[in-house]
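Derivation of every value follows stated rules applied to the coordinates shown; laboratory data play no part. Please read these numbers as outputs of a predicted model, since none were measured by experiment. All Cβ positions, even for glycine, are placed from backbone atoms using ideal geometry, and neighbour counts span all protein chains on display.
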Amino acid sequence: MSKYNKSIIFVVILILWICLVANADGISIEELEEKAAELDKMFNVSAREYVEVYFELADAYHSMGELDKALVHYKKGLQLDPLNVEYQRKAAKVEIELMEYASAYRRLLFIQNKLEEAYRIYNEATALLSEIPMEIVDDEKSRVVTPLFSKSIVVAVYPGVDEEILGIICARISEEFKVNVVLEYLSVFEDESNLRDKHEEYYDYFIRYVYTHNHSTVIQEFMEAVGLTEKDLESKVGKEQFVREMIVQSEGETAWERLHNSIVDQYDADYQIQQIRKECKAYLADSDQIIGILAVTGKDIYSGVESNNFLFGLASGNVAVMSIYRFYSRGTPFEKVVQRSVRQSFASVGHVIGIPRCSSPKCARSYPHSLEEHDYKEDVLCGECIQNLNKKYQELLR
């Protein structure tokens, strides 16, 4: 192996490792660091909305064994969200690993007291339940959606979406919302306007990492050996060649293909909604029969208007788009992917029909801040949503 390969092989391995331990939302360590730096400049009230950035970065550092950095960011997150029991526990675990026992002791006492308080609240809630008249309880348990099969929800599908998941989504929407479902296969691919090129972002990160961890002469030897110049690194093609050559020479062609395929571009959901309005305008013109449209994509999506990192779904009026991309992960059972997809379809269809979000944390339509919270939900509508749905159906029949 040549001198330059020996010098940089550890960098390649480390970068590949960092790629693997990037957080579950597919955001790199560098992206999280940049976002955390932005949060550092915000007032607490503004930053609180984005506290998960600190926690995700801390988790990533912890996975890499960088305990000091992990603790710093756990603390930053907990300054904004001090009642978060789970991250108080994680911070205490790191403090024990760092032998900062006094801080860990205080956190663990807080957790104990908090859980005791939760148990007290549970007992109080149980007692209050006994005061609710049984006829109200029975009415709530028996609350059902009044059928409206004379109206339809159109499920518009982009190419490449899993047929089995799609079939279950359509069946469950019809079953839960008691409406007809029309399946429309789109002949166009997702609009690439305002596309986030995640490949080039990663290439830039990779190259910066190599340049900061190797001597310039070593890099120059490598560049000459593969026929690249500094000018070539100004283009995406040149950047890709640099990264590809480095990984192939040290890790093999399979490693490059695996890395390249794991990086996914993000599509702007706002443009997808515009595209759906155009492609399905005939359906939207038939307001007597069609309530609205839910588009389903297998691509990763975000909102350029709302500056989101990623989305499970986005709605605008009677059109919504949902993505099943983030419901897949290594080792996730197919049944769980289906459940996640169904829950999101219920949330999106509710927006399309025009009913508000509910306040029930277990309802399929409650707002999740993470995939974990999404998994906590049930794949059924709560009594509040059913009540709102029946009111909306009465309006649609007038």
Given charges of +1 on the Cβ of Lys and Arg and -1 on the Cβ of Asp and Glu, with all other atoms neutral, how large is the dipole of the chain about its Cα centre, in debye to the nearest 20? 680
Once phi is turned into ³J(HN,Hα) by the Karplus curve 6.51 cos²θ - 1.76 cosθ + 1.60 with θ = phi - 60°, what whole-Hz value does each residue of segment 126-131 show in order, with x for glycine and proline? 4, 5, 5, 4, 5, 8
Take the chain, connect every pair of alpha-carbon atoms lying under 10 Å apart with a spring to form a Gaussian network, then pick out the residue of GLN387, GLN339, GLN249 with the largest mean-square fluctuation. GLN249
What is the spread of the Cα atoms of segment 198-262 along each of their three principal axes, largest first, in whole Å? 30, 22, 21
Collect residues whose amide H, placed 1.01 Å from N in the peptide plane, falls under 5 Å from the amide H of ILE290; neighbours closer than 5 in sequence don't count. SER152
Do any of LYS75/LYS299; LYS198/LYS231; LYS299/LYS391 go past 31 Å between their Cα atoms, and which? LYS75/LYS299; LYS299/LYS391
Entry for log10 I(q)/I(0) by the Debye sum over Cα atoms at q = 0.08, 0.13 Å⁻¹ (calculated from the structure that is shown) out of [x] -0.42, -1.17; [y] -0.57, -1.21; [z] -0.38, -1.03: [y]
Return LYS281, LYS114 ranked ascending by Cβ neighbour count within 10 Å, so the fewest neighbours appear first. LYS281, LYS114
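Restricting attention to segment 123-182, which GluC sites (Glu not before Pro) occupy a DSSP loop and are surrounded by at most 15 other Cβ atoms within 10 Å? Could the numbers behind the result be given before it?
Values: sites: GLU124, GLU131, GLU135, GLU140, GLU163, GLU164, GLU175, GLU176; in loops: GLU131.
Taking segment 123-182 and a limit of 15 other Cβ atoms within 10 Å, the loop GluC sites (Glu not before Pro) found are GLU131.
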How much of the DSSP bridge set in the chain is antiparallel, in percent, rounded to the nearest 5? 20
Expected vector for segment 137-153, Karplus 3J(HN,Hα) from phi with 6.51, -1.76, 1.60 and θ = phi - 60°, integer Hz, x for Gly and Pro, equals 4, 5, 5, 5, 5, 9, 4, 10, 7, 6, x, 9, 6, 6, 10, 10, 9
Kindly express, to the nearest 10 degrees and within the range 0 to 90, the angle between helix 3-20's C-alpha long axis and the longest C-alpha principal axis of the chain. 10
Work out from phi, with θ = phi - 60° and the Karplus expression 6.51 cos²θ - 1.76 cosθ + 1.60, the ³J(HN,Hα) of each residue of segment 223-239, listed in order in whole Hz, and give x for Gly and Pro. 4, 5, 5, 9, x, 10, 10, 4, 4, 4, 6, 8, 10, 5, 4, x, 4
Can you classify segment 257-370 as rounded, prolate or oblate using the Cα gyration tensor, where a ≥ b ≥ c are the square roots of its eigenvalues, rounded means a/c under 1.5, and otherwise it's prolate if a/b beats b/c and oblate if not? oblate
Would you work out which of PHE222, GLY65, GLN112 lies farthest towards the positive end of the dipole of the chain, given +1 charges on the beta-carbon of Lys and Arg and -1 on that of Asp and Glu, about the Cα centre? GLN112
Taking Cα pairs closer than 8 Å and at least 6 residues apart, the relative contact order of the chain in percent is 14
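What list do you get for HIS62, HIS260 if you sort them by fewest beta carbons within 10 Å? List each step's numbers first, then the result.
Details: HIS62 21, HIS260 14.
Fewest-to-most Cβ neighbours within 10 Å comes out as HIS260, HIS62.
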Helix 67-80 sits off the longest principal axis of the Cα atoms of the chain, rounded to the nearest 10 on a 0 to 90 degree scale, by 30
Dipole of segment 225-358, Cα-centred, from +1 at each Lys and Arg C-beta and -1 at each Asp and Glu C-beta, to the nearest 20 debye? 520
Selected from ILE273, ILE169, ILE96 as most flexible by GNM, with the chain as the system and alpha-carbon contacts under 10 Å: ILE96
In terms of Cα to Cα distance under 28 Å, which lysines are near enough to LYS392, apart from those fewer than 8 places away along the same chain? LYS141, LYS151, LYS178, LYS278, LYS281, LYS362, LYS377
Could you tell me the relative contact order of segment 198-262? Use alpha-carbon pairs under 8 Å, at least six residues apart, and round to a whole percent. 33
ALA156 long-range amide H proximity, modeled H, under 5 Å: GLU184, LEU294, ALA295, VAL296
Low-density loop positions, GluC sites (Glu not before Pro), segment 220-314 - DSSP coil, at most 14 other Cβ in 10 Å: GLU230, GLU306
Could you give the size of the charge dipole of segment 198-262 about its Cα centre, using +1 on the Cβ of each K and R and -1 on the Cβ of each D and E, expressed in debye and rounded to the nearest 20? 160
